[in-house]
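For reference, the structure discussed in these notes is given below.
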Amino acid sequence: MSRRICVAVGVCLVIGSLFGCRNSDSDVESGNDGKGGKLDIVCTTGMVADLVRQVVGERAEVRAIMKINIDPHLFTPTTSDVRALGKADIVFYSGLFLEGRMVDAFEKIKESGKPIFAVAAGVDKKSLRSPSEFEGHPDPHIWMDVQLWSCCLDEVVARMVEVDSDHADEFAKNAEAYAKELDSLHEYAKTTIASIPKDRRVMVTAHDAFGYYSLAYGIAVRSAQGITTESEPGVNDINKLVDFLVAEKIPAIFVESSVSADNIKALIEGAGSKGHKVNVGGELFSDAMGAAGTYRGTYLGMIDHNTTVIALALGGTDVSAGGKDGKLADAEATVKK
Ligand SMILES: [Zn+2]
C-alpha cells in the first residue's frame with residue numbers, strides 16, 4: 001500500500017478544523033434523527049455503498065440507489081431515488097462524471113447544504129488516466145485498481161469524521177482493517193493475472209471500463225465501446241476489433257453484467273466468419289457488482305470474480321476455480337470453454 005498516491009486528506013482535516021477547510025458543523029453530527037441514532041447514508045453505485053459500509057459499520061444505514069446490472073453512465077434517478085437522496089443525512093457518489101446524468105441532482109443537493117462527497121476526490125490527479133478519446137476527462141472507473149480504491153477508502157474516513165467526529169477512532173479502525181483486505185486482494189490480482197501466458201494477456205470487453213485494471217495488473221485491454229456507454233461503436237470499430245481478434249488468435253472475450261452483449265456477439269460472429277473461433281470467457285462485473293447479499297455483491301467478491309474468470313479463460317496457471325479464498329465455488333462454470 002505504500003506506493004499508492006492518495007490525496008493528503010489528513011492534512012485537510014487538521015487545517016480544516018482551524019480554517020474551515022470544509023464545514024464540520026453538520027446537523028447530522030448528533031445522529032439524533034429518529035432513526036435509532038443511525039445516520040441515513042445514500043450512495044449511487046453498489047461499489048460506493050460497499051466502501052462506505054466498511055467505514056461506518058453499525059453507525060449508519062447505507063443504501064445504493066443503483067441496483068444489480070445498472071449502468072451508471074446511463075442512470076437517471078427516479079422520483080423515489082430523488083426522494084431518498086433528499087431525505088438522506090449524507091450522500092456519497094463515485095465522481096469523475098461516472099454518474100453523468102446525475103450532475104444536476106448533485107448540484108441541487110450541494111445547494112441545499114447537505115453533506116455530499118465524491119469518493120474519487122481521494123485519488124491523486126496524477127494517478128488518473130485521461131485517454132485521448134475522452135477529450136481531457138479522466139477515466140471514472142477507479143475501482144478497477146484496488147490501490148486507487150483504497151485511496152477512496154481514506155476519503156470516506158475523512159468525510160465521515162467531518163460529519164460525525166465522535167466516532168472518528170471507530171471509522172479509522174474499521175478502515176484500517178479493510179485496507180488490509182484490499183492489500184491482499186491487490187496482491188491476488190497481480191499474481192493471478194501474471195500467471196496468464198504473456199502472449200494471451202489481452203482482454204477484450206464490451207466497454208472501456210478496465211483501463212486502470214490493465215495498468216495495475218499488467219494485462220492489455222481492448223473494447224468495443226469507449227469509456228462511457230453513451231456512444232455506440234461504429235461498424236469500423238467493430239471490424240478493427242474483429243481483425244485484431246483474428247490476427248492475435250485471442251481465445252476468449254468477455255461480456256459485462258451492466259452492458260448489452262450485442263457488440264460482443266457481433267465480434268464473435270465477425271471473427272467466426274473469418275475462420276477464428278472466439279469463446280465468451282465469462283461475465284465480468286464492470287460498473288455494477290453482483291446480487292446484494294452474495295459474495296459477488298461485494299467489492300472484494302467483484303474483483304476476485306473478475307480476476308479469477310479472466311485468468312481461467314485465458315489460461316492462467318496460478319488460479320483455482322474457487323478464486324482468492326475459495327468463495328467462488330462456481331467460477332469455472334461461468335467460463336464457457
Ligand atoms: Zn463504465
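The values are calculated or read from the model by the stated rules, or taken from the named source; none is laboratory data. All values derive from a computational prediction rather than experimental measurement. Methodologically, a virtual Cβ is constructed for each residue, glycine included, from the backbone with ideal geometry; neighbour enumeration extends over all protein chains shown.
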Quiz prompt | Output for the stretch 209-238, where each listed residue is modelled with pLDDT of 90 or more, within 10 Å of the ligand (Cβ to nearest atom) and either touching a His at 6+ places or on another chain (Cβ under 6 Å) or of a type in the set (A, V, I, L, M) (or both) | solution = Ala209
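Looking at the structure I just gave you, is Ala206 closer than 28 Å to Ser273 by Cβ and either at pLDDT 95 or above or within 16 Å of the ligand (Cβ to nearest atom) (or both)?
Values: closer than 28 Å to Ser273 by Cβ: yes; either at pLDDT 95 or above or within 16 Å of the ligand (Cβ to nearest atom) (or both): yes.
When the stated conditions are applied, Ala206 passes them.
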Quiz item: Any idea which of Gly234, Gly270 is over 22 Å from Ser94 (Cα atoms) and without any contact (Cβ under 8 Å) to a residue 12 or more places away in the chain?
Solution: Gly234
Quiz item: Can you tell me how many residues in the stretch 88-102 are at pLDDT below 95 and either within 23 Å of Val56 (Cα to Cα) or away from the ligand (no atom under 16 Å from the Cβ) (or both)?
Solution: 0
Exercise. Collect the residues in the stretch 56-104 that are surrounded by fewer than 17 Cβ atoms within 10 Å (Cβ to Cβ) and polar (S, T, N, Q), keeping them in residue-number order.
Key: Asn69, Thr76, Thr78, Thr79, Ser80
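Condition check ((1) of a type in the set (A, V, I, L, M, F, W, C); (2) modelled with pLDDT of 95 or more; (3) at positive phi) across all residues:
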residue	(1), (2), (3)
Ala118	yes, yes, no
Ala121	yes, yes, no
Glu133	no, no, no
Val156	yes, yes, no
Met160	yes, yes, no
Ala172	yes, yes, no
Lys180	no, yes, no
Thr191	no, yes, no
Self-check item: Unmet criterion (only one of (1) within 20 Å of Trp143 (Cβ to Cβ); (2) modelled with pLDDT under 95) for His305
Solution: (2)
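Look at Gly275 and say whether it is touching a residue at least 60 places away in the same chain (Cβ under 8 Å) and either surrounded by fewer than 21 Cβ atoms within 10 Å (Cβ to Cβ) or charged (D, E, K, R) (or both). Outline the logic, then answer.
Numbers: touching a residue at least 60 places away in the same chain (Cβ under 8 Å): no; either surrounded by fewer than 21 Cβ atoms within 10 Å (Cβ to Cβ) or charged (D, E, K, R) (or both): yes.
Considered against the rule, which asks whether it is touching a residue at least 60 places away in the same chain (Cβ under 8 Å) and either surrounded by fewer than 21 Cβ atoms within 10 Å (Cβ to Cβ) or charged (D, E, K, R) (or both), Gly275 comes out as no.
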Self-check item: Inter-residue pairs, beta-carbon under 8 Å, first over 20 Å from Leu128 (Cβ atoms) and in the stretch 193-216, second of a type in the set (S, T, N, Q) and at pLDDT 95 or above, 6+ apart
Solution: Ile193/Thr307; Ser195/Thr317; Ile196/Thr317; Pro197/Thr317; Met203/Ser214
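Please indicate, with yes or no, whether at least one residue in the stretch 129-136 is more than 23 Å from Leu215 (Cα to Cα), in contact (Cβ under 8 Å) with a residue 12 or more places away in the chain, within 16 Å of the ligand (Cβ to nearest atom) and outside any loop (DSSP other than H, G, I, E, B).
Just the residues of the stretch 129-136 that are more than 23 Å from Leu215 (Cα to Cα), to begin with: none.
Within the stretch 129-136, none of the residues are more than 23 Å from Leu215 (Cα to Cα), in contact (Cβ under 8 Å) with a residue 12 or more places away in the chain, within 16 Å of the ligand (Cβ to nearest atom) and outside any loop (DSSP other than H, G, I, E, B).
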Quiz item: In the stretch 274-314, how many residues are assigned to a helix (DSSP H, G or I) and under 20 Å from Ile193 (Cα atoms)?
Solution: 16
Exercise. Would you check if there is a residue in the stretch 313-320 being free of Cβ contacts under 8 Å to residues at least 40 places away in the same chain and out of contact with any helix residue (DSSP H, G or I) (no Cβ under 6 Å at 6 or more places or on another chain)?
Key: yes
Exercise. Return yes when Glu181 is surrounded by fewer than 22 Cβ atoms within 10 Å (Cβ to Cβ) and either free of Cβ contacts under 8 Å to residues at least 40 places away in the same chain or away from the ligand (no atom under 16 Å from the Cβ) (or both) and no when it is not.
Key: yes
Exercise. Quick one: which strands (runs of 3 or more DSSP E) lie wholly within the stretch 193-273 and hold at least 1 residues that are over 19 Å from Leu312 (Cβ atoms)?
Key: 202-207, 220-225
Quiz item: All but one of (1) of a type in the set (D, E, K, R); (2) surrounded by 18 or more Cβ atoms within 10 Å (Cβ to Cβ); (3) under 21 Å from Ala189 (Cβ atoms) hold for Asp124; which doesn't?
Solution: (2)
Quiz item: Are there any pairs with C-beta distances below 8 angstrom linking a residue in the stretch 71-84 that is within 10 Å of Arg101 (Cβ to Cβ) and in a loop (DSSP other than H, G, I, E, B) to a residue that is among the aliphatic types (A, V, I, L, M) and within 16 Å of the ligand (Cβ to nearest atom), with the two at least 6 apart or on different chains, and if so which?
Solution: Pro72/Met66; Pro72/Leu98; Pro72/Ala288; His73/Leu98; Phe75/Met66; Phe75/Met102; Thr76/Met102; Pro77/Met102
